[in-house]
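Right, one structure below, let's go through it.
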Amino acid sequence: MDGPFAEPTNTREAILGAAFRALRKHGYASVTIQRIGDEFDKSPSLVYHHYDGKDDLLVDLMGFLLDEFEASISDSGDPPPVSGGDSQPVDESAPERSARDELNIYLTAAVDPASLDGAYAPDAQFVTVMTELRAQAANDEAYREHFDRSDRVFGEYLERLVREAAAETEAPDGHAAGASPPSVPVEEVVATLQTFATGGMFRWTTTNGGAWVDDSRAGIDGYLERVLPLVETDEAD
(Lines give C-alpha, C1' and ligand atoms only; values in the text may rest on other atoms or scores of the structure.)
Protein backbone atom coordinates (compact mmCIF):
# COMPACT_ATOMS: atom_id res chain seq x y z
CA MET A 1 0.00 0.00 0.00
CA ASP A 2 1.10 3.53 -0.65
CA GLY A 3 -0.42 4.94 2.53
CA PRO A 4 0.12 8.71 2.67
CA PHE A 5 1.73 8.64 -0.78
CA ALA A 6 -1.27 7.34 -2.73
CA GLU A 7 -1.77 10.75 -4.35
CA PRO A 8 1.53 12.70 -4.26
CA THR A 9 1.12 16.42 -4.85
CA ASN A 10 4.70 17.21 -5.93
CA THR A 11 8.00 15.63 -6.96
CA ARG A 12 9.24 15.36 -3.37
CA GLU A 13 6.19 13.37 -2.28
CA ALA A 14 6.47 11.15 -5.37
CA ILE A 15 10.11 10.36 -4.53
CA LEU A 16 9.29 9.77 -0.87
CA GLY A 17 6.47 7.45 -1.94
CA ALA A 18 8.93 5.49 -4.07
CA ALA A 19 11.30 5.28 -1.10
CA PHE A 20 8.44 4.18 1.15
CA ARG A 21 7.53 1.32 -1.20
CA ALA A 22 11.15 0.27 -1.80
CA LEU A 23 11.97 0.32 1.91
CA ARG A 24 9.00 -1.86 2.78
CA LYS A 25 9.82 -4.26 -0.05
CA HIS A 26 13.57 -4.60 0.50
CA GLY A 27 14.33 -3.46 4.07
CA TYR A 28 17.00 -0.96 5.06
CA ALA A 29 20.08 -3.06 4.29
CA SER A 30 19.01 -3.94 0.75
CA VAL A 31 17.28 -0.75 -0.34
CA THR A 32 19.32 1.39 -2.73
CA ILE A 33 18.80 4.58 -4.68
CA GLN A 34 18.47 2.40 -7.78
CA ARG A 35 15.72 0.34 -6.19
CA ILE A 36 13.99 3.51 -5.07
CA GLY A 37 14.27 4.76 -8.64
CA ASP A 38 12.66 1.54 -9.85
CA GLU A 39 9.57 2.45 -7.79
CA PHE A 40 9.51 6.00 -9.18
CA ASP A 41 7.26 6.64 -12.17
CA LYS A 42 9.48 9.42 -13.49
CA SER A 43 13.16 9.54 -14.41
CA PRO A 44 15.26 7.93 -11.64
CA SER A 45 17.81 10.69 -12.19
CA LEU A 46 15.45 13.04 -10.34
CA VAL A 47 16.11 11.06 -7.16
CA TYR A 48 19.83 11.80 -7.43
CA HIS A 49 19.04 15.44 -8.21
CA HIS A 50 17.05 15.91 -4.99
CA TYR A 51 19.03 13.75 -2.55
CA ASP A 52 22.72 13.14 -1.85
CA GLY A 53 22.22 9.49 -0.99
CA LYS A 54 20.03 6.80 0.53
CA ASP A 55 20.25 7.98 4.12
CA ASP A 56 19.55 11.59 3.20
CA LEU A 57 16.38 10.40 1.46
CA LEU A 58 15.26 8.04 4.23
CA VAL A 59 15.70 10.67 6.95
CA ASP A 60 13.51 13.01 4.89
CA LEU A 61 10.96 10.20 4.49
CA MET A 62 10.77 9.64 8.24
CA GLY A 63 10.47 13.38 8.81
CA PHE A 64 7.57 13.55 6.37
CA LEU A 65 5.74 10.66 8.06
CA LEU A 66 6.28 12.26 11.47
CA ASP A 67 4.96 15.58 10.14
CA GLU A 68 1.84 13.75 8.91
CA PHE A 69 1.33 12.12 12.29
CA GLU A 70 1.85 15.36 14.18
CA ALA A 71 -0.57 17.22 11.92
CA SER A 72 -3.21 14.50 12.29
CA ILE A 73 -3.26 14.67 16.08
CA SER A 74 -3.04 18.46 16.06
CA ASP A 75 -5.83 19.05 13.55
CA SER A 76 -8.37 16.58 14.88
CA GLY A 77 -7.51 16.59 18.55
CA ASP A 78 -8.00 12.82 18.41
CA PRO A 79 -5.31 10.14 18.18
CA PRO A 80 -5.05 8.65 14.68
CA PRO A 81 -5.42 4.93 14.13
CA VAL A 82 -2.23 2.91 14.51
CA SER A 83 -1.86 1.63 10.97
CA GLY A 84 1.84 1.24 10.41
CA GLY A 85 1.90 4.06 7.90
CA ASP A 86 -0.99 2.82 5.76
CA SER A 87 -3.91 5.21 5.78
CA GLN A 88 -7.20 3.35 6.01
CA PRO A 89 -10.76 4.66 6.01
CA VAL A 90 -12.24 5.07 9.45
CA ASP A 91 -15.62 3.54 10.16
CA GLU A 92 -17.64 6.52 11.35
CA SER A 93 -20.22 4.18 12.90
CA ALA A 94 -17.63 2.46 15.09
CA PRO A 95 -17.76 3.33 18.79
CA GLU A 96 -15.26 5.92 19.93
CA ARG A 97 -12.24 4.38 21.60
CA SER A 98 -11.22 5.40 25.09
CA ALA A 99 -7.76 6.71 25.95
CA ARG A 100 -7.04 3.38 27.65
CA ASP A 101 -7.99 1.59 24.44
CA GLU A 102 -5.55 3.83 22.55
CA LEU A 103 -2.78 2.98 25.00
CA ASN A 104 -3.57 -0.70 24.56
CA ILE A 105 -3.23 -0.41 20.77
CA TYR A 106 0.05 1.50 21.12
CA LEU A 107 1.55 -1.16 23.39
CA THR A 108 0.29 -4.10 21.34
CA ALA A 109 1.61 -2.53 18.13
CA ALA A 110 5.05 -2.46 19.71
CA VAL A 111 5.30 -6.05 20.94
CA ASP A 112 2.84 -8.01 18.81
CA PRO A 113 1.67 -5.97 15.80
CA ALA A 114 0.55 -9.02 13.84
CA SER A 115 -2.08 -9.74 16.50
CA LEU A 116 -4.07 -6.63 15.65
CA ASP A 117 -6.40 -6.61 12.67
CA GLY A 118 -9.15 -4.52 11.19
CA ALA A 119 -9.12 -0.82 10.44
CA TYR A 120 -6.62 -0.04 13.18
CA ALA A 121 -4.12 -2.83 12.50
CA PRO A 122 -0.46 -1.85 12.36
CA ASP A 123 1.69 -3.03 9.51
CA ALA A 124 4.19 -5.54 10.92
CA GLN A 125 6.56 -4.99 8.00
CA PHE A 126 6.57 -1.26 8.66
CA VAL A 127 7.34 -1.86 12.35
CA THR A 128 10.32 -3.98 11.31
CA VAL A 129 11.60 -1.33 8.91
CA MET A 130 11.30 1.43 11.49
CA THR A 131 13.26 -0.68 13.96
CA GLU A 132 15.99 -1.11 11.34
CA LEU A 133 16.08 2.64 10.82
CA ARG A 134 16.19 3.39 14.53
CA ALA A 135 19.24 1.15 14.83
CA GLN A 136 21.08 3.47 12.42
CA ALA A 137 20.88 6.22 15.06
CA ALA A 138 23.62 4.46 17.01
CA ASN A 139 26.16 5.74 14.49
CA ASP A 140 24.42 8.42 12.43
CA GLU A 141 23.61 11.83 13.93
CA ALA A 142 20.90 12.61 11.36
CA TYR A 143 18.96 9.50 12.36
CA ARG A 144 19.57 10.26 16.03
CA GLU A 145 18.16 13.77 15.64
CA HIS A 146 15.10 12.37 13.91
CA PHE A 147 14.39 9.86 16.67
CA ASP A 148 14.98 12.54 19.31
CA ARG A 149 12.18 14.50 17.65
CA SER A 150 10.05 11.39 17.15
CA ASP A 151 10.29 10.53 20.84
CA ARG A 152 9.24 14.08 21.74
CA VAL A 153 6.22 13.99 19.41
CA PHE A 154 5.06 10.58 20.56
CA GLY A 155 5.79 11.57 24.15
CA GLU A 156 3.39 14.50 23.87
CA TYR A 157 0.79 12.20 22.27
CA LEU A 158 1.19 9.66 25.07
CA GLU A 159 1.09 12.32 27.77
CA ARG A 160 -2.36 13.35 26.60
CA LEU A 161 -3.52 9.74 26.45
CA VAL A 162 -2.16 8.96 29.92
CA ARG A 163 -3.85 12.02 31.44
CA GLU A 164 -7.16 11.10 29.78
CA ALA A 165 -6.86 7.44 30.77
CA ALA A 166 -6.10 8.49 34.34
CA ALA A 167 -9.17 10.71 34.39
CA GLU A 168 -11.26 7.75 33.20
CA THR A 169 -9.90 5.49 35.96
CA GLU A 170 -11.55 5.17 39.35
CA ALA A 171 -9.44 5.79 42.45
CA PRO A 172 -8.12 2.56 43.99
CA ASP A 173 -9.90 0.97 46.94
CA GLY A 174 -8.47 1.77 50.33
CA HIS A 175 -8.34 5.54 49.98
CA ALA A 176 -10.92 7.42 51.98
CA ALA A 177 -13.07 9.94 50.18
CA GLY A 178 -11.28 13.24 49.99
CA ALA A 179 -7.91 11.71 50.84
CA SER A 180 -4.91 12.52 48.67
CA PRO A 181 -3.11 9.35 47.56
CA PRO A 182 0.53 9.68 46.50
CA SER A 183 0.70 10.99 42.96
CA VAL A 184 2.86 9.80 40.07
CA PRO A 185 4.23 12.32 37.53
CA VAL A 186 2.74 11.78 34.09
CA GLU A 187 6.22 12.21 32.59
CA GLU A 188 7.39 9.14 34.51
CA VAL A 189 4.58 7.02 33.10
CA VAL A 190 5.19 8.26 29.55
CA ALA A 191 8.90 7.52 29.78
CA THR A 192 8.14 4.01 31.02
CA LEU A 193 5.69 3.31 28.19
CA GLN A 194 8.04 4.64 25.51
CA THR A 195 10.93 2.59 26.83
CA PHE A 196 8.74 -0.51 26.97
CA ALA A 197 7.53 0.06 23.41
CA THR A 198 11.00 0.70 21.98
CA GLY A 199 12.46 -2.35 23.70
CA GLY A 200 9.48 -4.46 22.70
CA MET A 201 9.84 -3.48 19.04
CA PHE A 202 13.51 -4.45 19.03
CA ARG A 203 12.80 -7.77 20.72
CA TRP A 204 9.85 -8.57 18.44
CA THR A 205 11.82 -7.84 15.27
CA THR A 206 15.05 -9.59 16.33
CA THR A 207 13.83 -12.85 17.89
CA ASN A 208 11.80 -15.86 16.80
CA GLY A 209 8.65 -17.01 18.47
CA GLY A 210 7.18 -14.62 21.00
CA ALA A 211 6.60 -16.58 24.20
CA TRP A 212 7.67 -13.47 26.10
CA VAL A 213 4.89 -11.26 24.69
CA ASP A 214 2.07 -12.33 27.01
CA ASP A 215 4.19 -11.97 30.14
CA SER A 216 5.50 -8.56 29.11
CA ARG A 217 2.02 -7.30 28.30
CA ALA A 218 0.69 -8.65 31.59
CA GLY A 219 3.48 -6.78 33.36
CA ILE A 220 2.92 -3.44 31.66
CA ASP A 221 -0.88 -3.75 31.94
CA GLY A 222 -0.56 -4.46 35.65
CA TYR A 223 1.70 -1.42 35.96
CA LEU A 224 -0.90 0.79 34.28
CA GLU A 225 -3.71 -0.56 36.45
CA ARG A 226 -1.72 0.38 39.55
CA VAL A 227 -0.35 3.70 38.37
CA LEU A 228 -3.13 5.33 36.32
CA PRO A 229 -5.29 6.15 39.36
CA LEU A 230 -2.28 7.95 40.85
CA VAL A 231 -1.42 10.12 37.84
CA GLU A 232 -2.03 13.83 38.14
CA THR A 233 -4.55 14.73 35.45
CA ASP A 234 -4.07 18.50 35.59
CA GLU A 235 -1.42 19.92 33.28
CA ALA A 236 1.31 21.99 34.91
CA ASP A 237 1.12 25.76 34.41
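The values are calculated or read from the model by the stated rules, or taken from the named source; none is laboratory data. Not measured: the values here are computed from a predicted model. All accessible areas refer to the heavy atoms of the entire protein, side chains included, with ligands and DNA or RNA removed. Shrake-Rupley method; radii C 1.70, N 1.55, O 1.52, S 1.80 Å.
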**Request:** Go through Met201, Met62 and list them by solvent-accessible area, largest first, probe radius 1.4 Å.
**Result:** Met201, Met62
**Request:** Beyond 21 Å, what share of the Cα-Cα pairs of segment 1-80 is found? Please give it as a whole percent.
**Result:** 27
**Phe154 - accessible surface, heavy atoms, 1.4 Å probe, Å² rounded to 10** = 60
**Asked** With every protein chain in place, what's the accessible area of Asp221 (1.4 Å probe, Å², nearest 10)?
**Response** 40
**Request:** Determine the order of His49, His146, His26 by accessible area, beginning with the largest, at a probe radius of 1.4 Å.
**Result:** His49, His26, His146
